[in-house]
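Accompanying notes for the structure given below.
The values are calculated or read from the model by the stated rules, or taken from the named source; none is laboratory data. Everything numeric here is computed off the predicted structure, so don't read it as measured data. Cβ atoms come from the backbone with ideal geometry, glycine included; neighbour counts cover every protein chain shown.
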Amino acid sequence: MNKKKALVLLSGGIDSSTCAAIAKNMGFDVYALSFDYNQRHKSELDFADKIARYLGVSEHIVIKSDLSKIGGSALTDEKISVPDFKEGNTKIPVTYVPSRNIIFLSYAVSYAEVIGADDIFIGVTAVDYSGYPDCRPEFIEAFSKAVNLGTKKGIEGNPFKIHTPLLNLSKDQIILKGIELKMDYSFTSSCYNPDVKGRACGKCDSCIIRKKGFEKAGIKDPTIYSN
């Protein structure tokens, strides 16, 4: 019997890799999609490749979409520095990439429609995150409605389902879930500003959230930090 296909957005970090492990554990035939958007932390694609191989996904493709031509984010514009983590910051940080999840999910829906996958997994979380508006449940709900109104698959009565299994989990809970599913987090990278060797800076929002997550989970962080 053929397994149902699921498409997972795979960035190379903790959340997306845990999502892929969850989809695999649910019995899906997993396909992975990553993006080379000329991001500052392009080394994450090497980690995404390692994760895809480790989990044995059926296919892993990387789409090039150069968002540096638009800029507006510390992750895509060399003129904007990646800030160090600041406790209690309530503003949307400069690491926000305008409309990134809208763009990525749109590609995901296109790819899923071609391969016949009803299910799309994305590792958004509304707990330990940097305040990005496209990680909220309201966005996912609205996007799901839009794509099922605007695709052949959706209007023919076979709608897409966008899974957000990490939405209400803290970083330590995500890590513990991944460990339960035998995810090897040495194949992941969370840093927004790695050095030329791909080593994490240990100071950006994403690095600090990762460190705190492993510490709270009581598990050693396998990341190699430059400092």
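Observations on the structure shown:
- Residue within the stretch 32-39 that is charged (D, E, K, R), surrounded by fewer than 21 Cβ atoms within 10 Å (Cβ to Cβ) and out of contact with any His (no Cβ under 9 Å at 6 or more places or on another chain) present: yes
- Just one of the numbered conditions (1) closer than 30 Å to F160 by Cα; (2) touching a residue at least 60 places away in the same chain (Cβ under 8 Å); (3) in contact with a helix residue (DSSP H, G or I) (Cβ under 7 Å, 6 or more places away or on another chain) is not true of Y107: (3).
- Restricting attention to the stretch 122-164, the residues that are within 29 Å of T90 (Cα to Cα) and of a type in the set (S, T, N, Q) total 4.
- Members of the stretch 70-117 found to be of a type in the set (D, E) and touching a Lys or Arg at 6+ places or on another chain (Cβ under 6 Å), listed by number: D84, E113
- The set of residues from the stretch 104-138 being among the small types (G, A, S) and assigned to a helix (DSSP H, G or I) comprises S106, A108, S110, A112.
- Which listed residue, of P222, P165, P133, P194, is touching a residue at least 24 places away in the same chain (Cβ under 8 Å), within 22 Å of A32 (Cβ to Cβ) and surrounded by fewer than 15 Cβ atoms within 10 Å (Cβ to Cβ): P222
- Test for I219: is it touching a Leu at 6+ places or on another chain (Cβ under 9 Å) and either in a loop (DSSP other than H, G, I, E, B) or more than 26 Å from M26 (Cβ to Cβ) (or both): yes
- All of (1) under 26 Å from K211 (Cα atoms); (2) in contact with a strand residue (DSSP E or B) (Cβ under 7 Å, 6 or more places away or on another chain); (3) of a type in the set (G, A, S) hold for S81 with one exception: (2).
- Residue among S186, S144 that alone is exposed (fewer than 15 other Cβ atoms within 10 Å of the Cβ), of a type in the set (G, A, S) and in a helix (DSSP H, G or I): S186
- Flag set for K91, criterion: surrounded by fewer than 19 Cβ atoms within 10 Å (Cβ to Cβ), under 17 Å from C135 (Cβ atoms) and of a type in the set (K, R).
- A count restricted to the stretch 194-220 and to residues that are at pLDDT 95 or above and either in contact with a Gly (Cβ under 6 Å, 6 or more places away or on another chain) or of a type in the set (S, T, N, Q) (or both) stands at 0.
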